[in-house]
Amino acid sequence: MEKTSQSDRSCANEAGISPSFLRVGPGIGVARRWRIPLIFSLSFLSLAILLGGCGTDAPKSATQAEAKPAEPPVPEEIQSAAESLLGSESQVLVFGDLAKNGKQEFLAANVVPKTPTNNLPGTIVTRVVVAENTDGKWAEVLRCDEHLKNQKGFLGLTPLTPVTGWRLQYEQNDEKGLQLYFTPLKGTTDSHNLPIGVRWNPATKRYQSLDRAYEHFLLESPSIQDARSVLR
């Protein structure tokens with residue numbers, strides 16, 4: 001009977017007690033080699049789906065931006081009427097049934113362009129008119145130059161001293177119509193005065209200024225000397 005050496009037994013035992021997950025065979029090596037490319041393939045597939053989804057949103061956003069309606073151009077008739085009242089530098093700001101009285105009107109102004117010395121917020125103007133169309137003819141119903149005036153005289157709260165520049169704010173109300181706010185300025189610096197509110201008065205059928213609560217209309221004065229409502 002052939003004797004088995006101690007070294008042979010040692011080698012045999014080491015091979016027998018080795019755990020199976022440490023054994024590397026041909027099949028296991030192939031599986032591991034394919035596992036890494038498969039992981040990368042799935043990663044690239046997820047990235048491609050994500051980028052593909054982002055790409056579809058971009059044209060949609062561009063389409064929505066292009067679909068935004070542009071502001072209607074100012075009709076030649078209105079622009080011509082504005083220039084006849086304020087000169088060739090007049091700018092029509094808004095037009096339509098502004099007073100909600102069934103008549104066409106426009107708001108135009110001589111706007112001061114933005115410069116390094118004019119960095120005030122809002123629309124800075126030197127002159128403003130509101131004109132109304134009656135039987136095909138445009139007539140001025142409100143003027144702002146050195147003072148605030150309508151067909152009857154100087155509006156309440158207009159400053160007694162001449163004003164060379166105003167900050168103009170305006171908005172459209174579905175029921176009350178065009179609402180105007182005039183803030184007198186001193187040079188190119190803000191004088192921090194309260195705005196003078198002006199809108200159409202259906203009772204008197206003309207534009208009039210409002211009290212400080214912007215609730216009640218104020219009467220006009222026929223001359224600036226008689227206008228006692230000094231802006232404070």
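Just so you know, all these numbers are worked out from the coordinates, no wet-lab data involved. What you are looking at is a predicted structure, and each value in this text was computed from that prediction instead of being measured. Every residue, glycine as well, gets a Cβ built from its backbone with ideal geometry; the counts of neighbours run over all protein chains shown.
Extending 7 Å from the Cα toward the beta-carbon at both S84 and H216 defines two label points whose distance is 4.0 nm. Extending 7 Å from the Cα toward the beta-carbon at both E171 and L120 defines two label points whose distance is 2.1 nm.
Shape call for region 142-188 from the C-alpha gyration tensor, a ≥ b ≥ c root eigenvalues: rounded (a/c under 1.5), prolate (a/b greater than b/c) or oblate? Verdict is oblate for region 142-188. Overall shape of region 81-232 was characterised from the C-alpha gyration tensor. The equivalent ellipsoid obtained from it has semi-axes of 22, 20, 14 Å, in decreasing order. Relative contact order of region 77-232, taken over Cα pairs closer than 8 Å and 6 or more residues apart, is 18 percent.
Under 5 Å between amide hydrogens, built in the peptide plane, is the criterion, and for V141 it picks out V130, A131, E132 among residues at least 5 positions away or on other chains. For region 149-160, putting each phi into the Karplus relation 6.51 cos²θ - 1.76 cosθ + 1.60 with θ = phi - 60° gives couplings of 9, 10, 5, 9, x, 8, 6, x, 6, 5, x, 6 Hz, in residue order, rounded to whole numbers and with x for Gly and Pro.
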